[in-house]
Amino acid sequence: MSYSSETLKLSKFLEKNLPRYLPNKGGLINLIERIAEASLPIRGLLEKGITSREIHLRMNIDEPIEDTKNIYDEQQIHEDILTHSIILKSLQEGNADYSFIASEEASPILGKGNFGITIDPVDGSSNVEVNRTVGTIVGIWENEQIVCALYILYGIFTNLILAVNGKVSEFVLDTTPYSMTFYHYVFHDYLSMPDPKEAAIRCIGGDSIYWSDKCKKYNQYLKEKHFKNRYSGSFVSDFHAIINIGGVYSYFLQKGKGKLRLYYEWLPLAFIAKTLGGEFLIIDEKDNLKTMTEVEPLTKENVNKIHSVTCGALIGSKSAVNMFLDV
C-alpha cells in the first residue's frame, strides 16, 4: 500500500486519472459519480438503524404483506429493496449512459447506451439487523468486458474502492456537515494486494459437510499454514480485509449449487483482485477450475438469460488461491 500526499476528491481524481482518449470517458465518470452519490442516502438509512424488523414492529406487522423474495428465492429485507430503488433512481435521474442495469432485486432494465451495470445493492444484507458491516458492489461493462468495478463499504467509516484504468484507489467519505456530498469522497491511497504464504486470513463460507474432499483438504491446508478464520457473512467486508491483510475468500458449492452470483458479486470483486495482482478461480462440482477470461461476457443480448448465474470460486492473494492447486 502506498499513501498519497495529496487530497483529491473523487470527481477531480476521475478527471485527472482517466485518459483523455478513453472512449465514452464522460459517460463512465457520470456512472461512477451517480453511484457514489447514491451511497449517501444508503449510508444514512443504515446509520439510522431502520431495519425491516423495526418497521414491522412500528407498523404492527407480524409477517410481510406480500412475498418479497428475490430471483434466487431468498427472502428480501427492506434494505435490499429500498437501496436498489435509490441506486436505480440516481442512475436514471442522472441520464446514465447504460445499455442495461442488472440487479438481483429485479429483472434487468434495458437502455440504449454504451455501458452495462451490475449492482448488488446491499451485499451481506442479513448482517444489517445484527449491526455488522455491509456494502454495495458494482461492475461496469463495455464492449463485452468489465472496464470498471467498485464497492462501497458501510463500516465504522464509509469508503469506496475503485478499480479503473489499471489502478485500484481508495476514497474515504468526508462526513463533516458541510461536506455531505459525493464529491467529498476524499482520495486516500493506492492499494496493492499483499501476498503472504502463511499467517494470513481465510474467509470460507458455507456448510463444510457439503464440500468436496479437495475443498476440505484445502481448508485444512490453510489452517496448517496458520490462516486465521475471519468469515463474517458479508462478502465485500471479508474481501476488503483480504486486500489489506492478504488471504483468501471462498464459498464452495453446496449440493452442486452456488450461492454467490457470478456477475453481481464474484466478477466485480475479481476485477479488483486481478487489478491488484491477486487471483480468481471458479470451481465447479468436480473441482475443475475456470479463470475470469473463460466466463461468458454479459451483454445486452444475453443479460436476461445469464445474469442470475451462481458459482463457487476462490478469490484473494495469488499464493493463497493457488494453494488449491497443490492439495
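Throughout, read-outs are computed from the coordinates displayed, never taken from laboratory work. Every value quoted in this text rests on a predicted model; they were computed, and no experiment measured them. Cβ atoms come from the backbone with ideal geometry, glycine included; neighbour counts cover every protein chain shown.
Some notes on this structure:
- Column: log10 I(q)/I(0), Debye, Cα scatterers of the stretch 193-327, q = 0.09, 0.12, 0.14 Å⁻¹: -0.23, -0.42, -0.57
- Cleavage-rule hits (chymotrypsin sites (Phe, Trp or Tyr not before Pro)) in the stretch 186-245: DSSP loop, at most 11 neighbouring Cβ within 10 angstrom: none
- The charge dipole of the stretch 201-326, taken about its Cα centre with unit charges on the Cβ of Lys, Arg, Asp and Glu (plus for the first two, minus for the last two), comes to roughly 260 debye.
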